[in-house]
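Everything below concerns the one structure shown next.
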Amino acid sequence: MVTLAKGGAYLINGTELVWDGPEAQEALYAKTGKHIPKEEAQKNTIAYGILEAHNTSGNMDRLKIKFDKLTSHDITFVGIIQTARASGLTKFPIPYVLTNCHNSLCAVGGTINEDDHMFGLSCAKKYGGVYVPPHQAVIHQYAREMLATGGGMILGSDSHTRYGALGTMAVGEGGPELVKQLLCQTYDINRPEVVCVYLTGAPQKGVGPQDVALAIIGAVFQNGYVKNKVMEFVGPGVASLSADFRIGIDVMTTETTCLSSIWQTDGEIADFYEIHGRSGDYKELRPGEAAYYDGVIRVDLSTVKPMIAMPFHPSNTYSIEELNENLEDILADVEKRAAVSLDNAVPYSLRDKVRDGQFYVDQGIIAGCAGGGFENICAAADILRGQNIGNDSFTLSVYPASMPVYMELIRNGCAAALLETGAVIKTAFCGPCFGAGDTPANNAFSIRHSTRNFPNREGSKLQSGQISSVALMDARSIAATAANRGRLTPATDFDGPIGRYRYHFDANIYQNRVFDSKGIADPSVPIQLGPNIKDWPAMCALPENLILRVVSEIHDPVTTTDELIPSGETSSYRSNPLGLAEFTLSRKDPAYVGRAKEIQKAQQAVMEDRCPAEEVEGLKEVMDVIHSRYPDVKRKNLGFGSTIFAVKPGDGSAREQAASCQKVLGGWANIAREYATKRYRSNLINWGMLPFLIGEGELPFHNLDYLFFPGIRSALENKASAITGYVVKDGGLKAFSVTVGDLTDEERQIILKGCLINYNRVDG
């Protein structure tokens, strides 16, 4: 189904693979009549050409990328624009689209969410942007329909910013990276490796894009095969896939932890652009005669079966057939994983979902940037046509990804077919993906064609004893399950017809509702602020010496951004840095906020020229130990703050608040074995936090220990390869070593200044 190569390979004329090795050049010559060095063949990937066209450094090993367009939604654009305003923003220098698809439920939190929307509209007018009102489109569907261009690059503040199937290299990053683009700065990375995803065959009837995506994720996530790399989809199997099918696979590449994705394009994609009235934005993209890839993922589409990603990660994958045949063993494994993910905080079992040897689910959802596409919903309608979901506890909700998609479903009768079954059709909204809509009942099991199924993401509150489970599936198998009143069923069991419907895009919907400044700023427009929209608090520069207290210690294999700062109801506070910070680690480590605030008192004392040792119990003894060896450490050259340890933090969302909430509570660092994603590490850096790495082995410190880093500022300035810290304990100093990994000169300066805002201040 999915196989991974151990090394790199050359792709000849987009169809034939030659594996790297001693005889590779001989084989290349036999097929092309040319000697093609690897360094030249690396330039023949689609990804290399797009990166080269957007690189401003003149050095393809050290990229400085300027994107063509930016896009954000309503739980990120307020913070981004506020940060850019603090740094002197006067106009959006490139097209910037502000969508409203996350905080669409304006009743949540009173007027808070609608205040954010009006802030966005006023900023689109003032700075020259595009504003998409609530319920019109989810962020990525609007970008597909209106923004993507062949050979272009888009940067978004949502992690699922992926438009590779349409020929656009798109990257999802934390808000500060968009701030840099708004200030005419660059996105700085080392040239990423490119991995070939070589597709052959064609999917069987009943297999959808989510099935293919989950098969790939299950094969590559744990081993990091594509981490921070570009996935390039090529091969004869591409031609067997519709545009919607490719889009559905592409958006899920985020869950592999790759940096970005790109696909070869053809007439199918040309048709997509023509349907959307943008034929001029299509560009044929293919790798060169001989393109070298740093790895190869081979996918035989004909062997992919309907898949399910069991709780609590998109990589926890099985075929539905395998799950049904091995229920007891697989459910037992899920329960073991849950014990780790949930810290045994609540009772958790799935055995009660098994009745007469069959697995029954409580809810089905087809939604968002992954599931809400036209073809997915049409296929679900065909499978459910003439059936009904019953009048018991099972429910089915469908969220078309945009109003144009919704309109076409009404016109072609698929919406009526779904409604007749007892399903509910709702407007474009991302809430089901992050716990702000259709949250299941306690102990319920929901199957969703959406993007993620992390713990605590779907409305669960462990501190209140509540837990629900989400599994990811394709819309087709969700419909087949719904037709059987919740009995888990692969869509390949459906023997009726699944049609292919022609899509007609109605541009009038957007022309009537979307505000588009056409890039013209109007400085006279006042920004509309609400009482929950707050400025970032002042942040100081990195001191010469630093005392940190460990205020949380997490040993889970992976820590998601949802665990660092929960989604769902907290989203209403994303425009209020201090208000949101109160939720930091609230479901993973409820004591974190209090501990962080306690040591923050010492830093506040330093800022006010008071004695920090008098503010925090036990700190005087710590200072006495430090002064015994470092007598020159004084209030004027010393800072205090907090840090957390996590094995592998930052999987999941691009949300900058996973880092900024720690920062506004006095966080100065994370200490990790590795960082799950580049975007989380970048968020730490942009908020002035040290991205410490510590080697394998027993930790030299534990929760509530004090750590002392003498000369930390000088070490960063001098690009020290290793940094010595000390655990202050039992009357002495115990040395240990950390590193900060590869940092650009700009990133070092951001940390030294204390955060990106300080770095960009005119007086800074």
Original post:
One-quarter of the Cα convex hull surface for the chain, in nm²?
Top reply: 32.6 nm²
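Averaged across orientations, what area in nm² does the convex hull of the alpha carbons in the stretch 307-508 project? Mind showing how you got there, number by number?
Details: hull surface 43.8 nm².
Over every viewing direction, the Cα hull of the stretch 307-508 projects on average to 11.0 nm².
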Original post:
Quick one: of the DSSP bridges fully inside the chain, what percent are antiparallel, nearest 5?
Top reply: 40 percent
Original post:
So which DSSP H runs in the chain come out at 24 Å plus along the axis (Cα) with average Kyte-Doolittle of at least 0.0?
Top reply: none
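Ranked highest first by the average count of other Cβ atoms within 10 Å around their residues, in what order do 54-61, 434-441, 135-142 fall? Spell out each step's value before the answer.
Working: 54-61: 12.2, 434-441: 22.0, 135-142: 27.8.
The densest-packed peptide leads the list: 135-142, 434-441, 54-61.
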Original post:
Between PHE515 and GLU746, 0.36 nm times their residue separation minus their Cα-Cα distance comes to what?
Top reply: 79.6 nm
Subject >> the stretch 545-760 - Rg and Dmax from Cα coordinates, angstrom >> reply: 16.2, 49
**OP:** List the extent of the Cα atoms of the stretch 596-667 along each of their three principal axes, largest first, rounded to whole Å.
**Re:** 43, 26, 21
**OP:** Would you mind counting up the charge near CYS101? Only other residues with Cβ under 10 Å from its Cβ, with Lys and Arg at +1 and Asp and Glu at -1.
**Re:** -2
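Sort 557-566, 348-357, 657-666, 293-302 by the packing proxy (mean of other Cβ within 10 Å over each peptide's residues), most packed first.
In descending order of packing, they fall as 657-666, 557-566, 293-302, 348-357.
Give the order of LYS588, LYS719 when sorted by the count of other beta carbons within 10 angstrom, beginning with the fewest.
Numbers: LYS588 26, LYS719 10.
With the fewest neighbours first, LYS588, LYS719 line up as LYS719, LYS588.
Helix-only mean residue ellipticity at 222 nm, the chain, DSSP H runs n ≥ 4 weighted -39,500 (n - 2.57), per residue, nearest 500. What is it?
Result for the chain: -8500 deg cm²/dmol, rounded to the nearest 500.
Bear in mind these aren't lab numbers, they're just calculated from the coordinates by the rules spelled out. Since this is a predicted model, take the numbers as computed values, not measurements. Heads up, the Cβs are rebuilt from the backbone with ideal geometry, glycines too, and the neighbour counts pull from every protein chain shown.
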